[in-house]
Number of protein chains: 2
Amino acid sequence: MIDVPVNLGARSYRILVGAGALAMVGAELARLKVGRRVALVSDAAILALHGAAVTRSLAAASFDVTTVLLPEGERAKTLEVAASTWERFLDAGLDRSSTVVALGGGAVGDLAGFAAATYMRGIGVVQAPTTLLAQVDASIGGKTAIDHARAKNLIGAFHQPRLVLSDTSTLLTLPEREYRSGLAEVIKHGIVLDAAYFEDVERGVGALLEREPAALERIVAGSCRLKASVVERDEQESELRHVLNYGHTIGHAIEAVTGYRRFAHGEAVSLGIAAEAGIAERLGLAKPGVRARQVRLLEAVGLPVRGAGEAPSLVVEALSRDKKARDGRVPFVLAPEIGAFRLVFDVPTATILDALADLA
Amino acid sequence: MIDVPVNLGARSYRILVGAGALAMVGAELARLKVGRRVALVSDAAILALHGAAVTRSLAAASFDVTTVLLPEGERAKTLEVAASTWERFLDAGLDRSSTVVALGGGAVGDLAGFAAATYMRGIGVVQAPTTLLAQVDASIGGKTAIDHARAKNLIGAFHQPRLVLSDTSTLLTLPEREYRSGLAEVIKHGIVLDAAYFEDVERGVGALLEREPAALERIVAGSCRLKASVVERDEQESELRHVLNYGHTIGHAIEAVTGYRRFAHGEAVSLGIAAEAGIAERLGLAKPGVRARQVRLLEAVGLPVRGAGEAPSLVVEALSRDKKARDGRVPFVLAPEIGAFRLVFDVPTATILDALADLA
């Protein structure tokens, strides 16, 4: 088990990474001296796979557990589901000393985190992510949200978890496409934050694709450390934390234009990285070969870097609705070389369109 | 104009107290270097009285203002109104650099604050309270909330304002009953936090009831300072901040039992103070005469200390649903003397019932 601390003063917490982390939830919560009531929030498919490990551990530590079942996937992230979740918390008698355990992928973590952030003005939440995407990214840093009919993640709150349990054995049950999608965030961390980590991923592609336990633990913990270091320096995404949006500015726009159906999130991020690497090259910001190296690793893990070339003008239009826009200007995170980044405002639209054309 | 700082590190802000504070909103927001889009959230009656001062000031500083109209009073604090407010923010193109100005009483501040806290995971809010209750209490400290059918203020967030503008000239337009209701919080601050302030209020009852401008400014600023000192030491109500709930534990229960219709909030708090002072006396915690002095001042400003004696068992039952309960135990803030407090768990039900009988 690897223990990654997130240092945020009074809101500090630990990320425990490794096979069997889920079975530690009862003992770890007892150490935090929280109240005895716990709501386990998850969906039916995840509960069937991993629910027993969590409920057994909580029961052994004498917690009172109520299970709250969510619809699967993004359908969990609505105001209606949030309202019924609050209702269930009230039925279960949750008070400010109670804890929500979010067991699942990013959607479960987002909804359960938002419900916990707003119930009685905030109760504790434990993130127990079961997808690679959620383990290396969504579960860390306190971002929670629900969707609005007109914009994903529009309504939300920053609400740091009390604890993150990233059980890497849950990754063995992921469908191949979902697993590879999570690797896009792993690669993103390397590109903008740490050249040595990027090289480790390059060297470990085979072991990663085989999901070898030691490789999973090392790579997940490495991403957690990188993300934690960013969150520690910019908890509420005022400046530095934008770095984590590398590949996401174009990626989100591609997802919006394709109705969030055609590409998995990580696939859209992979396309976004390919496009944003192209922007950096066209602006003369990136050295020659930097884009090629990123694209090579994305392709090596089976992520798309082409096949989204249509309607670049729609993608550009979707960019204007980006949550990171400030009075209409969208900042781009660009990588001048592997392991470095720069925040660039006012990228010319023509440059964006050219870079999108490479995705055709 | 009196300037009261609230020191909360990166979340610090100023409270400007005095006649004409509303007209400073444009210049003050410009100093904060926020984006140019502003949503002015208020209700029709308040806008008619005070809207022009705010919009003129914002326009003079070149802000783009969209007005969002709420239903009057507690009817503003629903999930439906929050959803339509988010919708209006989106229509107006608000982004993370934009600001919400909450102009009105506690309900407007709660709803607008909650909408701002959750839109794009939190945008800036300026609290511009126009009732005495909101100026001395609700606008400071970042508590925001909406109601749930089964519990008031159940859903909410801590979200500190960027600035508070307490224009004491707005108090001249308040109906008498609403104005006197606000004095309950003023008296509460004195009882548990500051004997000298309590004496100042005792001596100034005549000027306060006449709403003399200098008295209003001094008393409002004094309460702001006291509340700020508590919020600075306990931002998220983990322990010390409970002191501000003096009179509110019983007061909230009386409001719940009477369907939030019979008593104004301050009237229920006044009854709560009378009852909780009785509890302190019965527990041998308060010196003789401490309750009588509190009751005397409440009566001097025209607040009720009797007339809520029915169904004490219902009041006790309502206590068990208090948001401050921890695994079923409700903490009481009690005043051993004027200017001091103690947090007491496990007050015997018989003692509570006896103290409630005094309200008959």
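Data for the structure
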{"quantity": "Residue list for segment B:164-187, filter: surrounded by 24 or more Cβ atoms within 10 Å (Cβ to Cβ) and either within 14 Å of chain A (Cβ to nearest Cβ) or outside any loop (DSSP other than H, G, I, E, B) (or both)", "calculated": "B:V164, B:L165, B:S166, B:T168, B:T170, B:S181, B:G182, B:L183, B:A184, B:E185, B:V186, B:I187"}
{"quantity": "Count of segment A:219-240 residues which are in a helix (DSSP H, G or I) and buried (at least 19 other Cβ atoms within 10 Å of the Cβ)", "calculated": "12"}
{"quantity": "Test: B:E28 is outside any strand (DSSP E or B), more than 11 Å from chain A (Cβ to nearest Cβ) and of a type in the set (D, E)", "calculated": "yes"}
{"quantity": "Residue satisfying condition, being surrounded by 15 or more Cβ atoms within 10 Å (Cβ to Cβ) and either charged (D, E, K, R) or more than 14 Å from chain A (Cβ to nearest Cβ) (or both), within set B:L359, B:L343, B:L353, B:L319", "calculated": "B:L359"}
{"quantity": "Qualifying residue in segment A:19-26 (condition: within 30 Å of B:E87 (Cα to Cα) and touching a helix residue (DSSP H, G or I) at 6+ places or on another chain (Cβ under 8 Å))", "calculated": "no"}
{"quantity": "Among (1) touching a Gly at 6+ places or on another chain (Cβ under 6 Å); (2) within 12 Å of chain B (Cβ to nearest Cβ), the one test that A:K143 misses", "calculated": "(1)"}
{"quantity": "Set A:A268, A:A277, A:A286: member being crowded, with 18+ Cβ neighbours inside 10 Å and in contact with a Lys or Arg (Cβ under 7 Å, 6 or more places away or on another chain)", "calculated": "A:A277"}
{"quantity": "Count - residues of segment A:95-106 that are hydrophobic (A, V, I, L, M, F, W, C) and surrounded by fewer than 24 Cβ atoms within 10 Å (Cβ to Cβ)", "calculated": "0"}
{"quantity": "Tally of residues being free of Cβ contacts under 8 Å to residues at least 12 places away in the same chain and charged (D, E, K, R) across segment B:200-220", "calculated": "3"}
{"quantity": "B:F114 being within 14 Å of another protein chain (Cβ to nearest Cβ) and farther than 21 Å from B:S84 by Cβ", "calculated": "no"}
{"quantity": "Residue in segment A:45-60 that is touching a residue at least 40 places away in the same chain (Cβ under 8 Å) and over 22 Å from A:P175 (Cα atoms) present", "calculated": "yes"}
{"quantity": "Selection status of B:V34, part of a strand (DSSP E or B) and surrounded by 17 or more Cβ atoms within 10 Å (Cβ to Cβ)", "calculated": "no"}
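Values quoted throughout were computed directly from the atomic coordinates according to the rules given, and no laboratory measurement underlies them. Here the structure is a predicted model, which is why all the values come from computation and not from measurement. Note: ideal-geometry Cβ built from the backbone for every residue, glycine included; neighbour counts use all protein chains shown.
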